[in-house]
Amino acid sequence: MDDEAFIAYVADGLGSLPGVKAVTLGGSRAEGTNRPDSDWDFSLYYRGRFDPQSLRDLGWPGTVGELGSWSSASDTVFNGGAWLDIDGRASDVHYRDLNVVDRVIAEAQDGRFQTEPLWFHLAGLPSYLAMAELAAKRVLVGELPDVTYPIALREHAPDLWWEQAAAELDYAQKYHAAAGRLTQCVGLLARAATCTAHAVLAARGVWITNEKQLFVRADLGEVDRILATATPEPAVLVDVVGRVRALCVEALRVARAETSQNSG
């Protein structure tokens with residue numbers, strides 16, 4: 001079947017599951033940035049109770065996780081999903097609890113969010129990425145709220161992200177760089193740069209749904225070249241930390257200046 005027929009087929013299957021109120025297509029396929037080998041990202045939004053066994057019963061090959069299998073609890077945004085082979089296409093299905101989404105939207109309107117640890121993500125993911133998904137959504141079944149970037153979130157999120165970034169830069173310099181611990185030092189710098197990138201995009205009011213394009217969109221691509229120069233010598237690592245710090249400070253300064261100018 002062609003792409004549109006495939007999308008309709010998956011939407012019909014997911015939309016038929018008990019408790020499911022909406023189904024979306026997300027990721028690069030929804031944004032039009034996909035490669036031929038890109039996978040397919042679907043989300044099912046449920047209210048109240050959802051039983052993953054109903055997804056297994058559709059008979060699509062793959063792994064279907066339980067609620068909470070992708071996080072520490074079932075009441076978080078990133079609370080589980082499935083990796084499936086549907087019509088020969090690699091397809092991810094994410095579970096989204098509408099009660100949690102409603103809570104996240106309300107918190108974000110007040111400038112608040114939580115950071116959830118998630119596999120494969122350096123700094124975890126902020127809960128407001130549930131809103132980023134809604135902003136980039138292609139709704140296939142049902143209805144979902146439209147969202148705009150909350151003013152309070154733009155005001156408060158950059159400070160919270162930078163607080164973490166600055167602390168990790170300080171720790172990397174004082175302890176790991178000074179001792180020549182290459183892996184630990186570079187690891188903390190990667191996390192600090194990731195947090196800074198989130199701060200930059202929050203200051204700009206720009207949504208992002210994962211870390212893959214985070215550095216590019218936040219104008220922090222130079223961090224790759226800086227980290228590539230790291231070696232175990234303490235003097236080298238101290239210099240690398242200083243260069244990463246300067247890059248992060250400047251990127252956030254520019255983003256805040258742009259925000260101030262645009263709002264003035």
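Could you list Val147, Val216, Val23 so that the one with the fewest beta carbons within 10 Å of its beta carbon is first and the one with the most is last?
Values: Val147 20, Val216 10, Val23 27.
Fewest to most other Cβ atoms nearby, the residues stand as Val216, Val147, Val23.
Can you sort Trp119, Trp70 by how many other beta carbons sit within 10 Å, fewest first? Walk me through the intermediate numbers first.
Working: Trp119 7, Trp70 19.
Taking fewest neighbouring Cβ atoms as first place, the list is Trp119, Trp70.
Got a sec to turn the phi values of the range 134-147 into Karplus ³J(HN,Hα) couplings, 6.51 cos²θ - 1.76 cosθ + 1.60 with θ = phi - 60°, whole Hz, x for Gly and Pro?
Running phi through 6.51 cos²θ - 1.76 cosθ + 1.60 with θ = phi - 60° gives 5, 5, 9, 6, 10, 6, 9, 9, x, 10, 9, x, 7, 10 Hz.
Once the Cβ-Cβ distance between Asp3 and Thr63 is put in as r, and R0 is 25 Å, what FRET efficiency do you end up with, to the nearest 0.05? Spell out each step's value before the answer.
Values: r = 24 Å, r/R0 = 0.95.
The calculated FRET efficiency here is 0.60.
Given bins 10 angstrom wide, list per bin the percent of all Cα-Cα distances in the chain, short to long.
With 10 Å bins starting at 0, P(r) equals 7, 27, 30, 22, 12, 2, 0.
Using Cα-Cα distances under 8 Å and only pairs 6 or more residues apart, what relative contact order does the chain have, in percent? It would help to have the intermediate numbers written out before the result.
On the way: 438 pairs, mean separation 38.9, N = 264.
Relative contact order, the chain: 15 percent.
May I ask for the net charge around Val10, where only other residues with Cβ less than 10 Å from the Cβ of Val10 are counted and Lys, Arg are +1 while Asp, Glu are -1?
With Lys, Arg at +1 and Asp, Glu at -1, the net is -1.
Quick one: angle between helix 182-204 and the longest Cα principal axis of the chain, in degrees between 0 and 90, rounded to 10, please.
Approximately 70 degrees, to the nearest ten.
Compute the long axis of helix 151-171 from its Cα atoms, compare it with the longest principal axis of the Cα atoms of the chain, and write down the angle in degrees, 0 to 90, nearest 10.
50
Compute for the range 151-263: radius of gyration divided by Kirkwood radius, i.e. Rg/Rh, restricted to C-alpha atoms, rounded to two decimals.
On the way: Rg = 14.1 Å, Rh = 14.1 Å.
Rounded to two decimals, Rg/Rh equals 1.00.
Given Cα positions, please report Rg to Rh for the range 3-141, the hydrodynamic radius being the Kirkwood one.
Working: Rg = 14.4 Å, Rh = 15.3 Å.
We get a ratio of 0.94 for the range 3-141.
So what's the angle, to the nearest 10 degrees on a 0 to 90 scale, between helix 234-263 and the longest Cα principal axis of the chain?
Value to nearest ten degrees: 60.
A short reminder: the numbers here are calculations on the coordinates, not readings from a lab. Since the model is a prediction, treat every value here as computed from it, not as a measurement. Using ideal geometry, Cβ is built from the backbone for each residue, glycine included, and neighbour counts are taken over all protein chains shown.
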